[in-house]
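Engineer: Pasting a structure below so you can have a look.
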Amino acid sequence: MFSKEVYENRRQRLCEMLPDSFLLFVGNAEEPFNYASNTYSFRQDSTFLYLFGIDSPNYAATIDTATGNVTIYADDITLDDAIWTGELPSVSVIAALSGVTITKPSGALFDDVRGELKRRRVHFVPAYRATTVQKIAAMLGLQTEAVNTYVSEPLIKSLVTLRSTKEQCEIEELENYMRVGYDMHVSAMKMAREGNSEQVVRAIVDYISQRNGGHVSFPTICTIHGEILHNSPTTQVLKNGDLLLVDAGSESPLHYATDNTRTTPVGGHFTQQQREIYNIVLNANNAVAAAVRPGVFYRDMHLLAMRTIVDGLTQVGIMKGSIDDAVANGAYALFCPHGVGHMLGLDVHDMEGYSENYVGYDEEVQRSTQFGFSALRMARRLQPGFIVTDEPGIYFIPALIDKWQAEGICKDFINYEKLKTYRSFGGIRLEDDLLITPDGGRVLGQRIPINPDDVESIVCSK
Ligand code: GLY
Ligand code: MN
Ligand code: MN
């Protein structure tokens, strides 16, 4: 945990933003894997981590912003439990680490919430686990399906405001931990050799995360079919000439997520065609890293990346016509149907549980409805302390190419004849994590090797 003052300060600021309100926070429970006592490994809810730092199951809390009273609800373990788990600190000891002095048994939460409900609204954030939905439904007397229609927009917006700007301690936590992401990716590059399988490379990547104490930030993507954006694990054997795309991250001890992607030529030598496309993606990534600064819309960074892609693809003859018009018409989305990035923090897609539109959009910038552009998660103005990913890609997705060609979509901007020679190319994505600073932005941690010559020499090194 950070020091208790960090959590006290966050809760104090929340109280100032939401005066005279009653706030309910339900932490995560352990969830059964195949039967009740065989559970998935525990992951605390990120809102609970942010406000309380308590990383134990079956905790809940309330904040009365009128009085400033904070109450933690949880049960001390019994001797029977301790036989299986060993001695654990008491709830009051754990709560004190978060600066909370009022603790009650978990059974008291129901009555306390029901009591408040008679007087005023109970504010809560969207619940994404069935057990949490059920608990909230029972307390508030709601149908489970209705729970997430009663979430509190003021609470969500306040938490987004607080969590979007990372404090110094959060930046240090993540920056120090970026070395683990570095190790995961450089190790994967070294394994990009003929005969290794996706499964083995993925296992090494995940092992490095676990060895450092961290859960992976999301299921590792490790594939020679990078054109499948979130490819489920497969077990194909690598062969020279393949491109191995690894998109992977690890959670720091306090659960801040790293998220990087590198694409490596199996055997250590890009073909001419691969190197051309790789350099276009790299130029797009670099263009964003060089242009970010407070006040710019991340939407415009998306468009900058996409313009760089259109420019590069025009130079190799895959695209044609006016670059401005191609960008305006979303022709790039045939090759990059996702957004350039998202916020990063306690969640890999930070705060996505509150709904993306609260995190990446606001009164100033609304989501586009254009294919590809509409997938952009983060569009609003950058501020110092934001951490965002910079992850352009170029993919050759046969089914999408066929559909666009059959329907004549953007035919003025796409050279479908030339595209035939790229049909089995696969995909390239290059992803860095950027901290927005008062006068610009920088890659968080040591940048994972990305220049094609450097990547090639890592594959070829022992
Ligand atoms: N793999 C998730 C992401 O990069 O957004
Ligand atoms: Mn990623
Ligand atoms: Mn990402």
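The values are calculated or read from the model by the stated rules, or taken from the named source; none is laboratory data. From a predicted model like this one, the values you see are computed outputs, not experimental measurements. Glycine also receives a Cβ, built like all others from the backbone with ideal geometry; neighbour counts cover every protein chain displayed. Each accessible area value is taken on the protein alone, full model and side chains, heavy atoms only, with ligands, DNA and RNA left out. Shrake-Rupley method; radii C 1.70, N 1.55, O 1.52, S 1.80 Å.
Engineer: Return the pair list, or none, for Cβ contacts closer than 6 Å from residues in segment 336-360 that are more than 25 Å from residue 150 (Cα to Cα) to residues that are modelled with pLDDT of 95 or more and hydroxyl-bearing (Ser, Thr, Tyr), at least 6 apart or on different chains.
Structural biologist: Close Cβ pairs satisfying both conditions: 341/389; 342/389; 344/389; 348/217.
Engineer: What number of residues within segment 316-353 are open to solvent by 50 Å² or more (accessible area, probe 1.4 Å) and assigned to a helix (DSSP H, G or I)?
Structural biologist: Residues meeting the conditions: 4.
Engineer: Also: How many of the residues in segment 242-297 are surrounded by fewer than 19 Cβ atoms within 10 Å (Cβ to Cβ), among the basic types (Lys, Arg) and not in a helix (DSSP H, G or I)?
Structural biologist: 1
Engineer: Continuing with this model, one more query. Of the residues 101, 62, which single one is open to solvent by less than 60 Å² (accessible area, probe 1.4 Å) and touching a strand residue (DSSP E or B) at 6+ places or on another chain (Cβ under 9 Å)? Don't jump to the end; show me each part of the working.
Structural biologist: On the way: 101 fails: open to solvent by less than 60 Å² (accessible area, probe 1.4 Å).
The conditions single out 62.
Engineer: OK, next. What strands (runs of 3 or more DSSP E) completely inside segment 386-439 contain at least 1 residues that are more than 16 Å from ligand 1 (Cβ to nearest atom)? Please lay out each step first, then the result.
Structural biologist: Details: elements: 387-390, 393-395, 427-429, 432-437.
Strands (runs of 3 or more DSSP E) meeting the threshold: 432-437.
Engineer: Something else: Looking at (1) within 21 Å of residue 324 (Cα to Cα); (2) open to solvent by 20 Å² or more (accessible area, probe 1.4 Å); (3) β-branched (Val, Ile, Thr), which one does residue 394 not meet, given that it meets all the others?
Structural biologist: Here residue 394 clears every test but (2).
Engineer: Restricting attention to segment 209-234, which residues are away from ligand 1 (no atom under 16 Å from the Cβ) and touching a Gly at 6+ places or on another chain (Cβ under 9 Å)?
Structural biologist: The answer is 224, and nothing else.
Engineer: Would you pick out the residues in segment 354-368 that are assigned to a helix (DSSP H, G or I) and open to solvent by less than 50 Å² (accessible area, probe 1.4 Å)?
Structural biologist: Start the filter on segment 354-368 by keeping residues that are assigned to a helix (DSSP H, G or I), which leaves 354, 356-360.
Residues satisfying the conditions are 354, 356, 359, 360.
Engineer: Could you list, in sequence order, the residues of segment 307-341 that are aromatic (Phe, Trp, Tyr) and touching a strand residue (DSSP E or B) at 6+ places or on another chain (Cβ under 7 Å)?
Structural biologist: 335 - this is the single residue of segment 307-341 that is aromatic (Phe, Trp, Tyr) and touching a strand residue (DSSP E or B) at 6+ places or on another chain (Cβ under 7 Å).
Engineer: Suppose we filter segment 222-260 for residues that are in contact (Cβ under 8 Å) with a residue 24 or more places away in the chain and either more than 26 Å from residue 47 (Cα to Cα) or small (Gly, Ala, Ser) (or both); how many remain?
Structural biologist: Residues of segment 222-260 in contact (Cβ under 8 Å) with a residue 24 or more places away in the chain: 222-229, 233-260.
Now drop any that are not either more than 26 Å from residue 47 (Cα to Cα) or small (Gly, Ala, Ser) (or both), which leaves 222-229, 233-246, 248-250, 252, 257.
Number satisfying all stated conditions: 27.
Engineer: While we're on this one: For segment 158-180, give me the residue count where each residue is of a type outside the set (Asp, Glu) and within 11 Å of residue 444 (Cα to Cα).
Structural biologist: In the first step, residues of segment 158-180 are kept if they are of a type outside the set (Asp, Glu); the result is 158-166, 168-169, 171, 174, 176-180.
Checking the rest, the ones that are also within 11 Å of residue 444 (Cα to Cα) come to 171, 174, 176-179.
Residues that pass the stated criteria total 6.
Engineer: To continue, here is another question. Quickly run through segment 121-141 and pick out the residues that are open to solvent by 40 Å² or more (accessible area, probe 1.4 Å) and not aromatic (Phe, Trp, Tyr). Explain how you work it out, then say what you get.
Structural biologist: Of all residues in segment 121-141, those open to solvent by 40 Å² or more (accessible area, probe 1.4 Å) come to 121, 128-131, 134-135, 138, 141.
Matches in segment 121-141: 121, 129, 130, 131, 134, 135, 138, 141.
Engineer: Separate question: Is one or more of the residues making up segment 32-41 polar (S, T, N, Q), within 22 Å of the chain's Cα centre (by Cα) and closer than 22 Å to residue 170 by Cβ?
Structural biologist: We begin by selecting, within segment 32-41, every residue polar (S, T, N, Q); these are 34, 37-39, 41.
Cutting the leftovers down to within 22 Å of the chain's Cα centre (by Cα) gives us 41.
Imposing the further condition that a residue be closer than 22 Å to residue 170 by Cβ reduces the set to none.
Looking for residues that are polar (S, T, N, Q), within 22 Å of the chain's Cα centre (by Cα) and closer than 22 Å to residue 170 by Cβ, one finds none in segment 32-41, hence no.
Engineer: Oh, and also: What are the residues in segment 217-232 that are open to solvent by 40 Å² or more (accessible area, probe 1.4 Å) and either within 13 Å of ligand 3 (Cβ to nearest atom) or within 19 Å of the chain's Cα centre (by Cα) (or both), if any? Can you show your working first?
Structural biologist: So the first thing to find is which residues in segment 217-232 are open to solvent by 40 Å² or more (accessible area, probe 1.4 Å), and the list is 219, 225, 228-230, 232.
Listed by number, the residues that qualify are 219, 228, 229, 230, 232.
Engineer: Residue 44 passes all but one of (1) under 26 Å from residue 139 (Cα atoms); (2) open to solvent by 20 Å² or more (accessible area, probe 1.4 Å); (3) at pLDDT 95 or above; (4) not in a helix (DSSP H, G or I); which number fails?
Structural biologist: That leaves (2) as the condition not met.
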